[in-house]
1. Multiplying the sequence separation of ALA423 and ASN735 by 0.36 nm and subtracting their Cα-Cα distance, what value in nm do you get?
2. Quickly rank 648-654, 189-195 as a protection proxy: mean count of other C-beta atoms within 10 Å, highest first.
3. Considering only C-alpha atoms, what is the centroid distance from the range 799-863 to the range 748-777, in Å?
4. Where does each of TYR44, TYR866 land when they are ranked from fewest to most other beta-carbon atoms within 10 angstrom?
5. With the crude spin-label approximation of a point 7 Å out along Cα→Cβ, what separation in nm comes out for LYS185 versus HIS262?
6. Rank the residues CYS484, CYS864 as a footprinting-exposure proxy: fewest other Cβ atoms within 10 Å of their Cβ go first.
7. About the Cα centre of the range 304-394, what is the dipole size in debye to 20, counting +1 per Lys and Arg Cβ and -1 per Asp and Glu Cβ, all else neutral?
8. When the Karplus curve 6.51 cos²θ - 1.76 cosθ + 1.60 is applied with θ = phi - 60°, which whole-Hz ³J(HN,Hα) does each residue of the range 787-795 get, with x for Gly and Pro?
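Nothing in this text is a laboratory measurement; each read-out follows from the coordinates by a stated rule. The shown structure was predicted, so the numbers you read here are calculated from the model rather than taken from an experiment. Cβ placement follows ideal geometry from the backbone for every residue including glycine, while neighbour counts extend to all protein chains displayed.
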Amino acid sequence: MQHNPFSIIFPPSGYYAPTQTTVILLTPTYTNGLFESLTYSWLYGSSTDRILSQNEKKFISLDGTLFFSYITSDDEDSYACSLSVYSTQSGHYGPFFRLISSTPKLANSTFPPKLDSSQPQIFPEDPKVGDSIYLECFAYANPIPQYKWSRVDGKPLPSSRSHISNYGRVLKIDRVNYGDSGKYKCVATNAFGAAAGEVHVKLRAPPSILQGLHDRLVPTESNVSFECLLSNADSYFSVEWFKDAKPIVPLLLPAEKRKRLHIDHNALHLKLADESDSGVYQCVVSNNVGSSSSSALLTVKDSAPVFPPNAMPRKVFAALGSTVSIPCIFEASPRFHGKWADAGGSRLPQKGRIRDEDGVISIEKVLHEDAGLFFCTAHNKLGKAHAQVQLIVMNKPSIKTNYLDEETVNMSCEVELTCENSAECPEALFEWKINDRPAKEYPSLKSKVHEKKSGHKGRHVKQKVDLEVPKSLAGKRQIGRFACSSLYGGSSELVTKPQLPSPIALTVEKMEEEGKQKKKFRLKWRLPPQHRDTRDHSPKVEGYLVELRTRKNRKWRAAERQFVGNMEKDSITVENLLPNTEYQFRVRSVESAAIGEPSMPSDWVKTAPGAPSETIDNLKWRSLDSQTLLVEWQPIEQGQESSGDNLRYRVSWSEASVGRNATDEMKSLNHDDDFENHLDSDHSQAILKLNTTEGCRMVVLAVRPVNDQGNGTVSTDTVAFLNSRGELKKVSLHNVKPINASHVNISWNWDTTSDCDTKHAVQITCLDLTGSEISATVASDRTFWMLGGLEAETAYDCDLKAIDHHGNFGPTSKKFRIHTKQHPPEQVPLIGKLMMKQMKDSYTTILEWTAIELQKPNRTENGCGYKIFIYISETATEAIELDMPVQRLSDRRNPSARLDGLKLMYMYTIKVAGYNPGGIGPISDPRSIRLGAPGSMDYTSGSSALSVTILVLVSSFLNLFI
């Protein structure tokens, strides 16, 4: 039999559906890839207190669509969609319509799975790196199909970040990365066949530059290449090149330069460079998500060789028999290798024991007769320079290591050097190694260097360093072999006591407890054979430490006391573990002051299912009418470690009347209803219809999770209130404060004399003197609001009143008056000068702009002036904002400022705007400058006439951005 499922949106009140079909009742919208804060549920039976449960046959998509795997006569009912908005604590539901099966004779027909035309699908549709995504899959079938998710490329799903829920129909992946991109496959199967579909996960992210540009110094007539090395994961990106912040467009370059410059996507090649090619080069890589950039300074010039100060050592010490290498370090453009010569002026050969290897002198197996002067000569077409180095040959030092404190494993190392003159003896340059690893890999170690001590006839110098090992490290015997050495040769070693032996052959056995659901495990192990050498001082094992981890949390941790039971010589009992959870164990040997290395991990073992172990959180309520409560809570996460089968929820409540007198006696009627037929693990709300009497009622609510293995822990009680008279709380003004010309802050207080009166929201209403109204409705959980859209320099009479979700208003508060502030400045400043100026011992940046009218002449000048916005680079979106009050201006008709702290070779973009108590006026057009670039300098001598200096603010703020 061939089946053709179809869909209907907004069906009429009487809708006939074939038996094997789906009904799509509503498809809500979402904005910018982010779902609105809506909760979708479906009502049935023409009743607002009956919520349709999801099960293996019924499925509600994340976009609110309701699906049926197949339709039978039992599904003939009235349906309506219900929406809950968390941000306003409100809810609505649509009109009910009736679903009628047109082919009741086919109710028991079977057919293979067939995927809906929209399935599988992804939410959000256009995900970015770092988002959590949901993949949905739904198929029509009778019997109900089983669902299986996999990757088309064969890679496994991320075990720690992926979760399958809703009877296998939903796959959630948290914090997606590039590795999660690709095609995912959903297969639905039953006894009559299978259907499969694929969905492609494409992730968006800004392009990344793996290796950026770096500064270059090259001689003239050389070839230069810049390349921005991009990530292979980036696609659909464009690359732009800039020089000195200006786009490089080959077609606009002079013909001579166009021949020398070639751009190959993310690489720029320059042939036969000359000094005019010097500057800052930048590549900008962008896609539809964002951009990345990298820049470098190219300097093209020729210069004679020069040896920078302290680049070459005057003296080099070498131990007898060691190998010495001394490079010839100089600056030159163009650059050639330096040449080494001995004290007699003879050039060193390129081979042999003493040789010159491309500007590096190498001496193997140093002898005493090798001591003396060596000369390095560097030259190019512009000149020549020389440097000399004296080689001093010493005998190998003697080294001794000793325990300072054997209990804490503190060490000392003493090196004795023999020199012709002890005053010129070099530092020994100690190096510690622990178990052949450098001491710097143990950050908790501390060393202390003692002063030099001269020995026999001033020729022997002793140097000593102590190594302090903390008790926490020494006690655990994580270190065993210490070695101390000097740069000039020689070493000495000490070995500490051996470590505790690690248990081996760890096994896990299940221990059944008759008549109980929980499981016990017995861990068994043995110790390795001990050395029989009588000199071995192996510590004695006094006990064992059990560590465990779960499949979901792979971090090892010590087993808590409640998990560890009876311990014998080579075994221990582990109990009270979480139900339906996979565990892995390992064991460590323990003595009084040390813990040994862990054993190899055991095999994975799984505990039996049990009652839910999690407690319901975030229990909320709101009244739908005077007798109906909507109860909402955060559902338990369904994953690999759910406690047991068929998770559901049970809602309990007690109802009591509340008198206006606090001493009135309370009477209650307890209710405990199991919602297992109406709620499943993916629902988080229930509607309670209460037979309240006249007046105020108090309802104590609680929810507990339930499964086939038992009942979980009851949530903390939450108190709700109902009022048959529908009275609304009184609200009164607390404070009002004008912010600017169009906004004021308003705060209020709720009446606290009655907990029973409702407070769904508060409405703010303001009228100006002409009768024009501005209002805002604010959720009841807030007690303040910034009201905008007001006219400048205008008086408003305002009041507050509570409002419920039916549109009924409570009593109006006492009226209050607000006055908005003056108009912001209306004129736009124009930047006239922006340039770098050379001072006596430094430089600064001068900014000048045109004066504008900041406020009316009859007003005081307090609170008005100019704002300067500084952007680092032309593409920056965040500005450093600086205030310039008019009181600080030396000439208000020609305003200016001096900007100190800006860094050389950085591109800055400047804007200016006026401000007064009413706000900021229009912002000027931007002006950009690269400090230090040609055309940015003013070499006028003398001190600046400007008296306004913005110094500390610019320097401190720029350090945050650079």
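1. Taking ALA423 through ASN735 to full extension adds about 104.5 nm, to one decimal.
2. Sorting 648-654, 189-195 by mean packing, highest first, produces 648-654, 189-195.
3. That distance is 28 Å.
4. TYR44, TYR866
5. Spacing of the two 7 Å Cα→Cβ label points: 4.6 nm.
6. Ascending Cβ contact count within 10 Å gives the list CYS864, CYS484.
7. Dipole magnitude for the range 304-394 comes out near 200 debye.
8. Using θ = phi - 60°, the values come out as 8, x, x, 8, 7, 5, 6, 10, 9 Hz.
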